[in-house]
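Visitor: Here you go, one structure.
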Amino acid sequence: MKFNLFVIVPLLLLALTACGSAAGSTPEALPTIALEGSNDSPAAVSSARGVTASGVVMPAQEAKMAFALGGIVETVNIKVGDNVRAGDLLVELDNTSIKLELAQAERNLREMTSPAAVAAASQVVANARKELEDAQKKAESLSYRRASDTVIDNTQAEIDLAKQALARASDAYRLVQRLPDGDPKKAAALLAMTNAQLRLNSLIARYNYLTGTPTDTDAALIQARLETAQAAYQEAQWYLSALNGEPVPAEATGAKLAALQSARDAIAAIQQRLDATRLLAPIDGIVTRVAVTVGEYAVPAQALVFISDVEHLQVETTDLSERDVVKVEVGQSASVFVEALNETITGRVILISPVSSTLGGDVVYKTTIELDRPFPAGLRAGMTVDVTFEQ
């Protein structure tokens, strides 16, 4: 027998309604079942113990190294899995020409700072000091009298006596001046008068010097000599100090000092270029990747060696939401459950990212947890964990 479907369905609905009415009570609502994986569930949830979040085990430090300048790789001293210490030479480019340039610059500097050069600079300082002392004495004479009153009075007395001697000699010459030239008496009298005049002139000049003052031109020349001597002495001292490796002030000047500094700067610049041809390990860790071989051209800024510090592991959360991050603070204790090991490790929060990211439309904040040692055997970077922040 065939039944019409459109007739059966209404009959069933009427039967269910009649049963409900016969009970004489209000119908009860059916329970709502939350399906697993619903979009309404939060990324991280609060539990009775505290906030929880998912995370990943990460190395405390990671380094990616590249050359600033390109070149041909000469040596590769590491391979994947090697343990390295900070400062170890990992990769080196061909730098033969730079080494030769550095050696030449170092030879030039050794010549400039040799014992003979230091001795010569010491002699220059001594000569400059003597010149300065002489110039200072000359300059000091501008402020003091050239002689005492006694010396000046004595000179004046000598002038008076010289005038008297000249007068007597002149009188004696007048008595014989009519004699013919060549007469011995006349010649002797003329000589005596001339000597008396010269003696008087010399005493007058001395008296004028002792009692007079230099002209403005003389004073300017003396001052200029003093300033030149001071500058020369100071520059000689600075240069000698620099040769001896002693510190000199930033304002130090001098042609020799400038040449010495230029030689040292040249070495520093060449050394910097040489250092740029070497990749040194910046941290202790394990080499996780080597992307270069000997003879290959290293492209500038391309990461060639990767190092991870797997001795110091930490956890970074991946889904700590904006609603829960306010309940977490630096220094807070945390429990970390490692799913792969089925073990729990304790730790503490050391960093909360100041900026957010998004995960499936949720706003989340990466939070870093430092793990307490010792670590369980088998713990590795990249393992997933569940983090509970203790309240």
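Visitor: Looking at the square roots a ≥ b ≥ c of the eigenvalues of the Cα gyration tensor of the stretch 325-365, which shape do they give, rounded for a/c under 1.5, prolate if a/b is larger than b/c, or oblate?
Guide: oblate
Visitor: Continuing with the same structure: Counting only protein heavy atoms and using a 1.4 Å probe, what share of the accessible area of the stretch 56-144 belongs to carbon plus sulfur, as a whole percent?
Guide: Of all accessible area on the stretch 56-144, carbon and sulfur atoms account for 53 percent.
Visitor: Provide the FRET efficiency to the nearest 0.05 for the ALA187-GLN164 pair, computing r from the beta carbons and using R0 = 22 Å.
Guide: 0.45
Visitor: In whole Hz, with x marking every Gly and Pro, tabulate ³J(HN,Hα) for the stretch 269-280 from phi via Karplus 6.51 cos²θ - 1.76 cosθ + 1.60, θ = phi - 60°.
Guide: 5, 5, 4, 5, 5, 5, 4, 5, 8, 10, 9, 10
Visitor: Label points 7 Å out from Cα along the Cβ direction at ALA219 and GLN272: separation in nm?
Guide: Going by the 7 Å Cα→Cβ label model, 5.2 nm.
Visitor: Measure off, as a whole percent, the carbon and sulfur share of the 1.4 Å-probe accessible area of the stretch 205-357, all protein chains present. Working shown, then result.
Guide: Values: 4630 of 8570 Å².
Summing carbon and sulfur atoms, their accessible area is 54 percent of the total for the stretch 205-357.
Visitor: Also, quick follow-up: Give the residue from LEU341, PRO180, LEU313 lying farthest towards the positive end of the charge dipole for the chain; charges sit on Cβ (+1 for Lys and Arg, -1 for Asp and Glu) and the dipole is referred to the Cα centre.
Guide: The residue sitting farthest along the positive end of the dipole is PRO180.
Visitor: Further question: Looking only at Cα atoms, what is the convex hull volume of the stretch 125-177 per residue, in Å³?
Guide: 127
Visitor: For the stretch 166-217, what does the alpha-carbon gyration tensor say about shape, rounded, prolate or oblate, given a ≥ b ≥ c as the root eigenvalues, a/c under 1.5 as rounded, and a/b over b/c as prolate?
Guide: Here the stretch 166-217 falls in the prolate category.
Visitor: Mind listing the Cα extents of the stretch 51-121 along all three principal axes, in Å, largest one first?
Guide: 77, 34, 22
Visitor: Let me ask something additional. If packing is taken as the average count of other Cβ atoms within 10 Å, what order do 306-314, 172-180 fall into, highest mean first?
Guide: In decreasing order of mean packing, 306-314, 172-180 become 306-314, 172-180.
Visitor: Determine, for each peptide in 323-336, 286-299, the mean count of other beta carbons within 10 angstrom over its residues, then list the peptides with the highest first.
Guide: Highest to lowest by the protection proxy: 323-336, 286-299.
Visitor: Can you list the residues of the stretch 364-382 with backbone N under 16 Å from a point 7 Å past the Cα of LEU341, pointing along Cα to Cβ?
Guide: 369-382
Visitor: Using 0.36 nm per residue of separation minus the Cα-Cα distance, give me the extension gain between ILE204 and SER97 in nm, one decimal.
Guide: 30.8 nm
Visitor: If you plug each phi of the stretch 90-101 into the Karplus form 6.51 cos²θ - 1.76 cosθ + 1.60 with θ = phi - 60°, what whole-Hz ³J(HN,Hα) values come out, in order, with x for Gly and Pro?
Guide: So the Karplus estimates, Gly and Pro as x, are 9, 9, 9, 8, 5, 10, 4, 5, 5, 5, 5, 4 Hz.
Visitor: Starting at the first residue of the stretch 61-67, write each ³J(HN,Hα) from the Karplus equation 6.51 cos²θ - 1.76 cosθ + 1.60 with θ = phi - 60°, in whole Hz, x for Gly and Pro.
Guide: Going residue by residue, I get 9, 9, 10, 10, 10, 8, 7 Hz, with x marking Gly and Pro.
Visitor: Counting helices only, and only those DSSP H runs with n ≥ 4, report the 222 nm mean residue ellipticity of the chain as the sum of -39,500 (n - 2.57) divided by its residues, in deg cm²/dmol to the nearest 500.
Guide: Calculated at 222 nm, the ellipticity per residue is -15000 deg cm²/dmol.
Visitor: Over the stretch 314-391, average the accessible area per residue using a 1.4 Å probe and give it in Å², no decimals.
Guide: Dividing the accessible area of the stretch 314-391 by its residue count gives 54 Å².
Visitor: Would you please give the FRET efficiency between ASP82 and GLN302, computed as 1/(1 + (r/R0)^6) with r the Cβ-Cβ distance and R0 = 25 Å, to the nearest 0.05?
Guide: That pair, ASP82 with GLN302, gives E of 0.75.
Visitor: With a 1.4 Å probe and every protein chain left in place, work out the accessible area per residue of the stretch 198-249 in Å², rounded to a whole number.
Guide: That works out to 63 Å² per residue.
Visitor: For an R0 of 51 angstrom, estimate the FRET efficiency from the Cβ-Cβ distance between VAL294 and ILE350 and round to the nearest 0.05.
Guide: So, using R0 = 51 Å, E works out to roughly 0.80.
Visitor: Please list, in chain and number order, the residues 5+ apart from VAL363 or on another chain whose amide H is under 5 Å from its amide H, with Hs placed from the backbone.
Guide: Sorted by chain and number, the residues that satisfy this are GLU322.
Visitor: List the relative contact order of the chain as a percent without decimals, with contacts defined as Cα pairs under 8 Å and 6+ residues apart.
Guide: Working: 562 pairs, mean separation 126.2, N = 391.
Relative contact order, the chain: 32 percent.
Visitor: Let me ask something additional. Taking the convex hull of the alpha carbon atoms in the chain, what volume per residue do you get, in Å³?
Guide: Cα-based convex hull of the chain, divided per residue, equals 449 Å³.
The values are calculated or read from the model by the stated rules, or taken from the named source; none is laboratory data. This is a predicted model, so every value here is computed, not measured. Glycine gets a Cβ as well: all are built from the backbone with ideal geometry, and neighbour counts include every protein chain shown. Protein only, heavy atoms only, side chains kept; ligands, DNA and RNA dropped before computing areas. Shrake-Rupley method; radii C 1.70, N 1.55, O 1.52, S 1.80 Å.
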